[in-house]
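Please treat every number below as a calculation from the coordinates, not as lab data. Because the structure is predicted, anything quoted here is derived from the model rather than measured. Neighbour counts are summed over all protein chains in view; Cβ atoms, including those assigned to glycine, are modelled from backbone coordinates with ideal geometry.
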Amino acid sequence: MNNHPFTEGLAQGQLRYQYCEDCGAPQTLSRLACSACGSERLAWRDASGRGTVVAASVVSRAPSDAFRPLVPYTLVLVELAEGPRVVGHALPGTGIGDQVRAGTFAHERRSLLRFAPAA
Ligand SMILES: [Zn+2]
């Protein structure tokens, strides 16, 4: 998990997304093949970190012990300026349509994605 480009990027404060080297389509989730053309030539790019919230929810039951100290917390689905969608934490009160930018916070010695309002 620590060698995953997405996780590695976050550790450096950089949000990354996967894209197809053949057709250029961005991948919403890390996959083994391009969802648009089936190519397996996938690579990673650094995202600008800017995007728009398309869904938001407040989590009040932690999915695991590691997240228990954080509840309640806000999770958002963000459509990045580059096209892919990613799920991350967000400041309380973040809602659909908000312009946000990506940042990170440290939890249990890991860097987690957290969106804040775009300046
Ligand atoms: Zn493709």
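Looking at the chain, identify the longest residue range that excludes and avoids all GluC sites (Glu not before Pro) in DSSP loops having at most 13 other Cβ atoms within 10 Å.
The segment 41-107 is the longest one with no such site.
Comparing ALA25, ALA62, ALA81, which has the greatest mean-square fluctuation in the GNM of the chain with Cα pairs linked when under 10 Å apart?
Most flexible of the set in this elastic network: ALA62.
Of the DSSP beta bridges with both residues in the range 5-117, give the percent that are antiparallel, rounding to the nearest 5.
That works out to approximately 95 percent antiparallel.
Once phi is turned into θ = phi - 60°, what whole-Hz ³J(HN,Hα) does the Karplus curve with 6.51, -1.76 and 1.60 give for every residue of the range 40-47, x standing for Gly and Pro?
9, 8, 9, 9, 10, 10, 7, 8
I need the peptides 52-60, 31-39 ranked by packing, meaning the mean over residues of other C-beta atoms within 10 angstrom, with the highest value on top.
In descending order of packing, they fall as 52-60, 31-39.
Where does each of ASP98, ASP46 land when they are ranked from fewest to most other beta-carbon atoms within 10 angstrom?
ASP46, ASP98
Placing +1 on the Cβ of each Lys and Arg and -1 on the Cβ of each Asp and Glu in the chain, which of TYR73, VAL53, GLY13 has its Cα farthest towards the positive end of the resulting dipole?
Of the options given, the answer is TYR73.
If you rank LEU77, LEU10, LEU15 by fewest surrounding Cβ atoms within 10 Å, what's the result?
LEU77, LEU10, LEU15
I'd like the Karplus ³J(HN,Hα) series for the range 79-86: coefficients 6.51, -1.76, 1.60, θ = phi - 60°, whole numbers in Hz, and an x wherever there's a Gly or Pro.
For the range 79-86, the Karplus-derived couplings read 8, 6, 4, 7, x, x, 10, 9 Hz, x marking Gly and Pro.
Would you mind estimating how fast the chain diffuses translationally, via Stokes-Einstein at 37 °C and 0.692 mPa s with the Kirkwood radius over Cα pairs, in µm²/s?
220
With each run of n ≥ 4 DSSP H residues scored as -39500 (n - 2.57), what mean residue ellipticity at 222 nm is computed for the chain after dividing by its residue count and rounding to the nearest 500 deg cm²/dmol?
The helix-only estimate for the chain comes to -1500 deg cm²/dmol at 222 nm.
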